[in-house]
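The values are calculated or read from the model by the stated rules, or taken from the named source; none is laboratory data. Small disclaimer: the values here were computed from a predicted structure and weren't measured. Methodologically, a virtual Cβ is constructed for each residue, glycine included, from the backbone with ideal geometry; neighbour enumeration extends over all protein chains shown. Ligands, DNA and RNA are excluded from the accessible area calculation, which covers all protein heavy atoms including side chains. Shrake-Rupley method; radii C 1.70, N 1.55, O 1.52, S 1.80 Å.
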Amino acid sequence: MPLIIAATDFSLISENAANYACQLAMAQNAQLTIIHSFVFPVMFSDIPLPASLINETENDLDAQMKKLVDSLKLSYPNLDIQGIIVDGDLINALEEYTKKTQEPWLVVLANSNTGEYNTWESNMIAAFKHLKYPVLAVPPGVTYKPVKKICLAFDNRHTGNDLAFTQLKDISLALNANLQVLNAQTDVLNRDNLPITDEQAQIILAPANPHFHVVYDVNIDTAIETFINENNVDWLVMIPRKHSFFEGLFHKSHSKSVTHHAHIPVVALHETHSS
């Protein structure tokens, strides 16, 4: 049975993402784990944190997790849901947990997309960049509906993308979703920039029967948003890279960050290695 993990900080936006994860898990006949990670403040003295404070914090977190899981089980009685509290930052917590269980089909978390939740935003960006399994960020207020159309925003570079393309193919097939691949170019069409999709990408994605699109001389942010709106896309998929435009999309200072302005869930897949 596939595993979906939903990360929570017990805020309203992460509770919404957890509900989205529940409905997705039901549609995929998956089990769901809700995970909360916490870090005690670093003490710059020889005086340790009082044991009573540690116990009080842990008990409070356990109570919040129980309340959330009980609420979700009441809404989704046929779904296998468990909640866990892990000491450490979110990325390490997820990696350690999956080592002991199984790799998730998907990790779901909230996308604040307003810049108001700085800690949660940094967790989302870290998950997008560093986790080796697919990460789905759900914007506030977005409710689950069957995923019928997925769009990959692709820079037409295959190097290091075997795992990402395989994951995308598997996700598309599992959802029975129509797969669109958009290659948006800031340059004009020329002999060094022909509308030819990377051959290896085509081979890996072929079982999902993708449709490829290339547009030129555009602002990439705008081109992606326009394509999403005109084609009724349900999920946007991206592959954040180091030292590339796509890394900039996930930086909070980017004025038109696709993540901040996305009104649909965004999936991050990952390079097998840095290119």
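Listed values, structure above:
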item: Test: residue in the range 85-97 that is at pLDDT 95 or above, open to solvent by less than 50 Å² (accessible area, probe 1.4 Å), of a type in the set (Val, Ile, Thr) and within 30 Å of GLY141 (Cβ to Cβ); result: no
item: Subset of the range 17-51 [over 18 Å from ASP89 (Cβ atoms), modelled with pLDDT of 95 or more and polar (S, T, N, Q)]; result: ASN19, GLN23, GLN28, ASN29, GLN31
item: Residue match in the range 160-170 (condition: of a type in the set (Lys, Arg), modelled with pLDDT under 85 and either farther than 17 Å from VAL267 by Cβ or assigned to a helix (DSSP H, G or I) (or both)); result: no
item: Residue within the range 221-236 that is at pLDDT below 85, open to solvent by 20 Å² or more (accessible area, probe 1.4 Å) and touching a helix residue (DSSP H, G or I) at 6+ places or on another chain (Cβ under 9 Å) present; result: no
item: Checking TRP120 against (1) among the aromatic types (Phe, Trp, Tyr); (2) modelled with pLDDT of 85 or more; (3) farther than 17 Å from LEU269 by Cα, the condition it does not meet; result: (2)
item: Cβ-Cβ under 6 Å pairs, at least 6 apart or on other chains, the range 67-83 side closer than 12 Å to GLN31 by Cα, far side open to solvent by 20 Å² or more (accessible area, probe 1.4 Å); result: LEU79/MET26; ASP80/GLN31; ILE81/LYS73
item: Any hit, the range 247-259, residues being modelled with pLDDT of 75 or more and of a type in the set (A, V, I, L, M); result: no
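Let's see how each residue does on (1) modelled with pLDDT under 85; (2) crowded, with 16+ Cβ neighbours inside 10 Å; (3) among the basic types (Lys, Arg); (4) within 21 Å of VAL135 (Cα to Cα):
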residue	(1), (2), (3), (4)
ALA7	no, yes, no, yes
SER14	no, yes, no, yes
LEU53	yes, no, no, no
THR57	yes, no, no, no
SER71	no, no, no, no
TYR76	no, yes, no, no
